[in-house]
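Trainee: Got a structure for you, written out below as structure tokens; questions coming shortly.
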Amino acid sequence: MTFPEDGTKLEDMNAQTSSGENMQVPADMIPDIRTDHAGESGAVSIYNAMLRYCRDEEVRDFARRHLGSEEKHLAGFGNLLRPEEKSRFVFMWKLAGRASIALLSLFGPRAIYAAVEAVEDGVDRHFGKQLDRPAGRAEHGDLRALIGEFQADERRHRDEAAEKMGTPGAGLRLIKLLVRTSSAFAVAVTRLV
């Protein structure tokens, strides 16, 4: 991935970028990074719940392959925030992720993939908006690269989930709508606390 405004290539960033260590976050982006951290807490919970509640081996394999990148994202965003800057509602994100997968596992793999696709699509759009925020601020190029790297991971998760889900019928479209709506509400609340 290359950022056209400054020509930065994601591939040129070193491993420290992925960790988020020693990066400065502009004050106006703290609410965004707070939601990123809380959301990644929920994502880790979702993938762990898939391993716990789902018996379908294909779903479990999907979860095992993507859990590591979600844990990397959680650590990266966690390293960007001081403890008092993190959301007080992280426990709710974790609980919601676990509970939604436990419930959806009763409806089968396609329901789980529909939820993952909806979540990851929302994350992709959320990260996309954030990529413009540090643009033009050379001192925050590493933050921009971090978000871009994580966005690329989330797109891969979304695209694979969409492929495995197949064409959604009315039930899957309803699941996706409920997930998108609840995720948007959670993001709005987490920006504040």
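The values are calculated or read from the model by the stated rules, or taken from the named source; none is laboratory data. Here the structure is a predicted model, which is why all the values come from computation and not from measurement. Cβ coordinates were reconstructed from backbone atoms using ideal geometry, including for glycine residues, and neighbour counts include every protein chain displayed. The protein model used for the area step is the full one, side chains on, heavy atoms only, and it has no ligands, DNA or RNA in it. Shrake-Rupley method; radii C 1.70, N 1.55, O 1.52, S 1.80 Å.
Trainee: What number comes out for accessible area per residue over the stretch 67-193 if the probe is 1.4 Å? Units Å², please. Each step should come with its number before you reach the end.
Mentor: Values: 6320 Å² over 127 residues.
I get 50 Å² per residue for the stretch 67-193.
Trainee: To continue, here is another question. In whole Å, what are the Cα extents of the stretch 58-172 along the three principal axes, biggest one first?
Mentor: Rounded to whole Å, the extents work out to 47, 29, 25 Å.
Trainee: Report the relative contact order of the stretch 65-193, percent, no decimals, based on alpha-carbon pairs under 8 angstrom and at least 6 residues apart. Intermediate values should be presented prior to the final figure.
Mentor: Details: 86 pairs, mean separation 46.3, N = 129.
Computed value for the stretch 65-193: 36 percent relative contact order.
Trainee: Two decimals is fine: what's Rg over Rh for the stretch 94-161, C-alpha atoms, Kirkwood radius as Rh? Please report the intermediate quantities before stating the final value.
Mentor: Numbers: Rg = 15.1 Å, Rh = 13.3 Å.
Result for the stretch 94-161 is an Rg/Rh of 1.13.
Trainee: Of the candidates GLY97, GLY76, GLY108, which one comes out as most mobile in a Gaussian network treatment of the chain with C-alpha springs shorter than 10 Å?
Mentor: GLY108
Trainee: May I ask for the net charge around LEU51, where only other residues with Cβ less than 9 Å from the Cβ of LEU51 are counted and Lys, Arg are +1 while Asp, Glu are -1? Write out the running numbers ahead of the final one.
Mentor: Details: positive: ARG52, ARG60, ARG64; negative: none.
Net of charged neighbours comes to +3.
Trainee: How far is helix 30-53 tilted, in degrees, relative to the longest principal axis of the Cα atoms in the chain, given as a value from 0 to 90 rounded to the nearest 10?
Mentor: 30 degrees
Trainee: Give me the percent of the accessible area of the stretch 64-193 that comes from carbon and sulfur atoms, probe 1.4 Å, all protein chains in place. Intermediate results must be reported in sequence, preceding the final value.
Mentor: Numbers: 4080 of 6570 Å².
Reported share for carbon and sulfur atoms: 62 percent.
Trainee: So what is the 222 nm mean residue ellipticity for the chain from helices alone, if each DSSP H run of at least 4 adds -39500 (n - 2.57) and you divide by all residues, rounding to the nearest 500 deg cm²/dmol? Walk me through the intermediate numbers first.
Mentor: Details: 7 runs with 139 residues, N = 193.
Theoretical 222 nm ellipticity from helices: -25000 deg cm²/dmol.
Trainee: Ok, one more. Kirkwood hydrodynamic radius, the stretch 117-193, all distinct C-alpha pairs: what's the number in Å? Can you show the working numbers first?
Mentor: Numbers: mean 1/r = 0.0722 Å⁻¹.
The answer is 13.8 Å.
Trainee: Hey, another quick one. Using +1 at the Cβ of each Lys and Arg and -1 at the Cβ of each Asp and Glu in the stretch 98-193, identify which of LEU177, TYR113, ILE101 lies farthest towards the dipole's positive end.
Mentor: Toward the positive end, the furthest listed residue is LEU177.
Trainee: Continuing with this model, one more query. Can you give me the angle between helix 170-192 and the longest principal axis of the chain, using Cα atoms only, in degrees from 0 to 90, rounded to the nearest 10?
Mentor: 40 degrees
Trainee: With angles folded into 0 to 90 degrees, how steeply does helix 57-80 sit against the dominant principal axis of the chain? Use alpha carbons for both and round to 10.
Mentor: The two axes meet at around 30 degrees.
Trainee: Now for a different question. Determine the sum of side-chain charges near ARG133: Lys and Arg each +1, Asp and Glu each -1, restricted to other residues whose C-beta is under 10 angstrom from that of ARG133. Don't skip to the end; give the middle numbers.
Mentor: Numbers: positive: LYS129, ARG137, ARG144; negative: ASP28, ASP32, ASP132.
That sum, taken over residues with Cβ under 10 Å, equals 0.
Trainee: Let me test this: with uniform point scatterers at the alpha carbons of the chain, what is the Debye-based log₁₀ I(q)/I(0) at q = 0.10, 0.12, 0.13, 0.19 1/Å?
Mentor: -0.39, -0.56, -0.66, -1.30
Trainee: Okay, next question. Just report the Cα centroid separation between the stretch 83-124 and the stretch 159-193, whole Å.
Mentor: When both Cα centres are located, 9 Å separates them.
Trainee: Can you tell me the Rg and the Dmax, both Å, for the Cα atoms in the stretch 35-91?
Mentor: Radius of gyration, then largest Cα-Cα span, for the stretch 35-91: 12.6, 40 Å.
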